[in-house]
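Beneath this line is the structure, given in structure tokens, with notes to follow.
Since every read-out is calculated from the coordinates, none of them should be taken as a lab result. Fair warning: this is a prediction, and the values are worked out from it, not measured in the lab. Here the Cβ positions follow ideal geometry from the backbone for every residue, glycine too, while neighbour counts run over all protein chains shown.
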Amino acid sequence: MKAPTWLGVSAVAVATHAAQIDRSGFGDHDLWVYTAVWAPHVCTTTDVALCASPTSSMRTSLVSSTLIPTYTDGTAQTGICRYEYGEFLPSSITAAGGANTLQQYWPFLLATDVGNMWDGGYTGSTPTFDWTCSGMHQVQYLREMVALGTKVSSERLPFVADHVGHEAKTSDVRAIFQAAPLGWNDIVLSCDSHSFLDKVSVCFAKTVNATTKPGEDPYFGPAQVIPCPQSIRVQDTCHADVVRFAAFPAKYST
């Protein structure tokens, strides 16, 4: 089964890398790839439970989807380096702002139990932490996803909310990410064959030589924005003159 394009670095890439090596080394990834998705397009093309009970942010904002420790060849880091894998713990969720905050900035689009999304249970309503070799622990990772989700929210990028159900020049869409407050000079815009926006990705260098206390793991989380390698840039498919922002499907409004 082909992984949905809005999942960022594909499951195929993860599996391919897993076949190449037994496990990743702690902090051995080359960069981070962050992906935010346009949920109305997801709900137009994919039948997921959350579309029937969307969060308010899903209608007018880009929302966090993935933040993946990645190698230059485009494959994702694998392996288990720390015993933090599995569903995010309730204590980690609370430390990152709580379920309501995560529902707003990182709605779990694959949630099977929408009413209990981000409860930290084992019902399919909470995503799993898969990047235990990345140099970020659960709380650090969740806080980063919330921070990035805040940056791409409609409060920070009103241009996006203003164009729901409309189109905009592709150059203008790229410009809003390059300008303040984001300053993301190198973004990857992914559109479908009809120029509807699917997702936006940006690459970050990993933090190196971060000061840590004795006994603490070194931190290899996202640092500054960098140009994406060609393996990621091939996902840039918004080549038409305009980008279309799908409105939330009417069938979910009744």
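For the pair A95 and K213, the difference between a 0.36 nm per residue extended length and the Cα-Cα distance amounts to 40.5 nm. Excluding the site residues themselves, the longest part of the chain lacking any GluC sites (Glu not before Pro) in a DSSP loop with at most 16 other Cβ atoms within 10 Å is 1-154. Note the angle between two axes, namely the Cα long axis of helix 11-20 and the longest principal axis of the Cα atoms of the chain, as a number of degrees from 0 to 90, rounded to the nearest 10. Value to nearest ten degrees: 30. Among the chymotrypsin sites (Phe, Trp or Tyr not before Pro) within the range 66-168, those in coil by DSSP and having at most 13 neighbouring Cβ atoms inside 10 Å are Y83, Y122. The long axis of helix 138-151 is offset from the longest Cα principal axis of the chain by roughly 30 degrees. Lysine pairs in the chain whose alpha-carbon atoms fall under 19 angstrom of each other, counting only those eight or more residues apart or on distinct chains, come to 4.
For mean projected area of the Cα convex hull in nm², computed directly from the structure shown, the correct entry in [x] 22.3; [y] 19.7; [z] 13.6 is [z]. The string of couplings for the range 166-174 from the Karplus curve (6.51, -1.76, 1.60, θ = phi - 60°) is 10, 10, 9, 4, 4, 5, 5, 5, 4 Hz, one whole number per residue in order, with x for Gly and Pro. Sparse packing (at most 14 other Cβ atoms within 10 Å of the Cβ) combined with a DSSP loop state is found for none of the trypsin sites (Lys or Arg not before Pro) in the range 193-254. Based on every Cα atom in the range 71-132, Rg and the maximum pairwise Cα distance Dmax equal 12.9, 39 Å.
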